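These notes are about the structure you will find just below.
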Amino acid sequence: MDESELLRATAERAIAYRAGLGRGPVNPTADPAALRAALDGPTPQGPSDPAAVIDALAGAVEDGGLMAMDSGRFFGFVIGGAVPASLAADWLVTAWDQNTGLFAPSPATAVVEEVAGRWVVDLLGLPPASSFAFVTGGQMANTTALAAARHHVLAARGWDVELDGLAGAPRVRLVVGEEVHVSVPRAARLLGLGSRTVPVAVDANGAMVPADLERVLAEHPGPPTVVCCQAGNVNTGALDPVGELADVAHRHDAWLHVDGAIGLWAATCDPSPLPGLDRADSWSTDAHKWLNVPYDCGITICRHPDSHRAAMTVAAAYLVQAAPGTDRDPVDWNPEFSRRARAVPVYAAIASLGRSGVAEIVARCNAHARRFADLLAAEPGVAILNEVVLNQVLVRFLAADGHEAGHDARTRAVIAAVQRDGTCWLGGSTWRDQAVMRISVSNYVTTEADVEASAAAILRAARSVPG
Ligand SMILES: Cc1ncc(COP(=O)(O)O)c(C=O)c1O
């Protein structure tokens, strides 16, 4: 089989896989031992027919080993699907196989990235001159933003962190909401800032309280400070009051970063539930979550292009780099050197959806989340623990004995029963020391019928687990 035939056959296989989503169980059914038996073996010592390799590989993987993450009944973690234009564009990215670190070797993908970045900034209502970077996900988007922040607050103290590192530098204080996502302190760890953070109180739904930020910053004035808030709590979906937090942070000369991996796209709605979002200093988001672009793609956006560039840029004699102020080399803005043209699927997603389409996905997922909450809350012994302000629902299944330990045990048992059943898939979490079922509606394909069938399956599972 030549390459064209192999690609055609593989495309047919991929199309069949996508067409089958939603027909079978959502959960993986394969036994890990069976997967290893099918995939493992001695290191291949010589060539094999590529078509046979793909057949064996895909046959083994697709035989119950995949989670139907792109089906309309997958509600685990915060995982979006892939709108058709972005999926097709992603195939082209692989076929083009461009290294998009520099402009000169791949001008078209670099221009696509320039345009996609500008569109994202515009859709989110952020300052038009903001810089951006397309990275692997929210973790690296937070890391890139915090690297820009680290540069900025230390340069203001006369310290060149890129040249001299952190030994001997003024200690950078990282102030975060009590509900900060783990990827933020992890980013701080990677950047040598350490994961020791100063906590700020949050309200009942997990949103940061501006008055408490004011208290924290006023209590210890002086150190270079980076404040991290979030748009979209990973459990409750709560949106921090970014504009107010930005005003407080700036009064104290601090940088405000917004981790919007989940919820930044809500800013496309009219009215935006994120007033004052544009007053922050940096933002991160995921395209592979709510924009429904295939894995992987996160985005960093920065109000201070000079600080962003200073934190990331690199030069070498053998590279063909654009003169300042001319073309845009992604390597000046990204932590990666060689990289995939991951802005291309974002370009295609936005081109196909438009502003109204993105806002519609957000609004529809939020409405589905509210419907889930209503359907489940109508059942005796089921409590919704969060205020459903976005696409997230936290559900607790109560035990007859009224004890917290009993509620925890029943909730975990219901989650396990739902996962075994396969009608839909969702996971668990802990909210305020209480075990919860966590529902995230992030896929554009989810329909009201999916929500109703899934809620019915959850209630069936709950009835099967004694209270
Ligand atoms: C609020 C928040 N920030 C950051 C991340 C990390 O994003 P990623 O998994 O794309 O690296 C997540 C992941 O769910 C998240 O919910």
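The per residue volume of the convex hull around the alpha-carbon atoms of segment 217-312 is 116 Å³.
Given the C-alpha centroids of segment 395-415 and segment 278-340, what is the distance between them in whole angstrom? Rounded to whole Å, the Cα centres lie 45 Å apart. Given axes a ≥ b ≥ c from the Cα gyration tensor, I'd like to know whether the chain is rounded (a/c under 1.5), prolate (a/b larger than b/c) or oblate. Oblate is the answer for the chain, as a/c is 1.5 or above yet b/c matches or exceeds a/b.
Among the protein heavy atoms, those of R118 account for about 140 Å² of accessible surface (1.4 Å probe, every chain in place). Among beta bridges identified by DSSP and lying wholly in segment 250-405, the antiparallel ones come to about 65 percent.
Each residue was assigned an accessible area with a 1.4 Å probe, and for E360 the value is about 90 Å². When the chain is described by a simple charge dipole with +1 on each Lys and Arg Cβ and -1 on each Asp and Glu Cβ, the residue from A89, Q434, L190 located farthest towards its positive end is Q434. Packing, taken as the mean count of other beta carbons within 10 Å per residue, orders the peptides 275-285, 15-25, 302-312, 372-382 from highest to lowest as 275-285, 302-312, 372-382, 15-25.
The local environment of G206, defined by Cβ-Cβ distances under 10 Å, has a net charge of -4 under the rule Lys, Arg +1 and Asp, Glu -1. Annotation for segment 287-343: chymotrypsin sites (Phe, Trp or Tyr not before Pro) lying in DSSP loop with at most 14 further Cβ atoms inside 10 Å of their Cβ are Y318, F337. Where only DSSP H runs of four or more residues are counted, the chain gives -13500 deg cm²/dmol as its mean residue ellipticity at 222 nm, each run worth -39500 (n - 2.57).
Taking the DSSP bridge list for the chain and keeping only pairs wholly inside it, about 60 percent are antiparallel.
A dipole drawn for segment 290-376 from +1 and -1 charges on Cβ atoms has a positive end, and of P335, A322, S356 the residue lying farthest that way is S356. Net charge of the neighbourhood of I79, taken over other residues with C-beta under 13 Å away and scored Lys/Arg +1, Asp/Glu -1, is 0. Answer rounded, prolate or oblate for segment 363-427, using the Cα gyration tensor with square roots of eigenvalues a ≥ b ≥ c: rounded when a/c is under 1.5, else prolate when a/b is larger than b/c, else oblate. Since a/c reaches 1.5 but b/c is at least a/b, the shape of segment 363-427 is classed as oblate.
At an R0 of 41 angstrom, the distance between the Cβ atoms of A167 and R355 translates into a FRET efficiency of 0.30. Counting 0.36 nm for each residue step from R8 to N99 and taking away their Cα separation leaves a gain of 30.4 nm. Within the shell defined by Cβ-Cβ distances under 15 Å, the residues around S195 carry a net charge of +4, with Lys and Arg each +1 and Asp and Glu each -1. Surface calculation, 1.4 Å probe, protein heavy atoms: E452 sits at approximately 80 Å² accessible. Using alpha carbons only, the radius of gyration of segment 143-298 set against its Kirkwood radius gives Rg/Rh = 0.96. Ligands, DNA and RNA left out, the accessible area of the chain computed with a 1.4 Å probe is 57% carbon and sulfur.
Calculated from the alpha-carbon coordinates, segment 80-184 shows an Rg and a Dmax of 17.7, 51 Å respectively. The mean accessible area for residues of the chain, using a 1.4 Å probe and ignoring ligands and nucleic acids, is 43 Å² per residue.
In this label model, A317 and L39 are separated by 4.4 nm, measuring between points 7 Å along each Cα→Cβ vector.
The values are calculated or read from the model by the stated rules, or taken from the named source; none is laboratory data. Since this is a predicted model, take the numbers as computed values, not measurements. Cβ sites come from the backbone with ideal geometry, for glycine too, and all protein chains shown count toward neighbours. Heavy atoms of the whole protein, side chains included, go into the accessibility calculation; ligands, DNA and RNA do not. Shrake-Rupley method; radii C 1.70, N 1.55, O 1.52, S 1.80 Å.
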